[in-house]
């Protein structure tokens, strides 16, 4: 019992430090396909909510989109690792991200005893985007320009609806579907979405929950617990950061450069890693800060 009390006392200064502050959490990786992993993450998020932290959740869902496309007899097409999104694929993405994953997370929040509200970028003009320009990708050793279809890049985040919900004690849950200036929908990158929302909210922390333990060295043997922006950029340029981590680390660096105090990458597959990262001295993932 004394050890349990010691754990709570170790958390106390961090609870005091984070109370009343905004933390944006990007849910991704295995949590998007394993209901038990996802529920554990939501339990942690609800705990943060009840100790006075303003929590915003952003989620991805790429694997589920591909599975749904396959079930409907449509093959997912990727060019240079980027999903080509025609009108039918966009509709499937909206169905999966907004209709299934987003509403499922809101239900889990209710199950854990809090109140969630599901949103996409079109709600309250939360996320305004424009169609992504032609992308130069390497195809069989030849660089070509490719039109990805209904894929967008964020132009503007209006956090008003998020702040309203947070002020009313709700947990907003954001699906990465944006609206363009003509009222059309665009699929957008979830890592980028989480980072830009954190900037717009002037969040204290941005946390990316994924399938790896953090930023590792080139041999994948060491997890860096703390990195400055300069150190993270050096790792980017050296190629030490793998392909799948590039957009994640990029969004974290951008967030810290634009006013977010701390950004983290943690392994969301391990039970209560979110709590361990935030409320213990050593943490369990990688934290990126200005210095």
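Derivation of every value follows stated rules applied to the coordinates shown; laboratory data play no part. These numbers were taken from a predicted model, which means no experiment stands behind them. Glycine gets a Cβ as well: all are built from the backbone with ideal geometry, and neighbour counts include every protein chain shown.
For the reader, a short list of remarks on this structure follows.
- Sequence of 30, 59 once ranked by neighbouring C-beta atoms within 10 Å, starting from the fewest: 30, 59
- Cα centroid separation - segment 1-55 against segment 129-160, whole Å: 34
- GNM result for the chain, Cα springs below 10 Å: residue of 15, 253, 265 fluctuating most strongly: 15
- Spatial offset of segment 161-192 relative to segment 222-240 amounts to 30 Å, using the alpha carbon center of each.
- Protection proxy ranking, peptides 212-222, 145-155, average beta carbon neighbours within 10 Å, highest first: 145-155, 212-222
- Taking other C-beta atoms within 10 Å as the exposure proxy, 120, 289 rank 289, 120 from fewest upward.
- Order of 92, 179, 105 - criterion: other Cβ atoms within 10 Å of each residue's Cβ, fewest first: 179, 92, 105
- The chain, relative contact order [Cα under 8 Å, separation at least 6], %: 22
- Anisotropy class of segment 201-274 from Cα gyration tensor, a/c 1.5 cut: oblate
- Counting only DSSP beta bridges whose two residues both lie in the chain, roughly 40 percent are antiparallel.
- Cα long-axis angle, helix 229-238 against the chain (0 to 90 degrees, to the nearest 10): 40
- Residue-averaged 222 nm ellipticity for the chain, from DSSP H runs of 4+ at -39500 (n - 2.57), nearest 500: -11000 deg cm²/dmol
- Distance distribution P(r), segment 2-289, all Cα-Cα pairs, bin width 10 angstrom from 0: 6, 28, 37, 22, 5, 1, 0 percent.
- Choice from 22, 192, 164 showing the highest fluctuation, given a GNM over the chain with Cα pairs closer than 10 Å: 164
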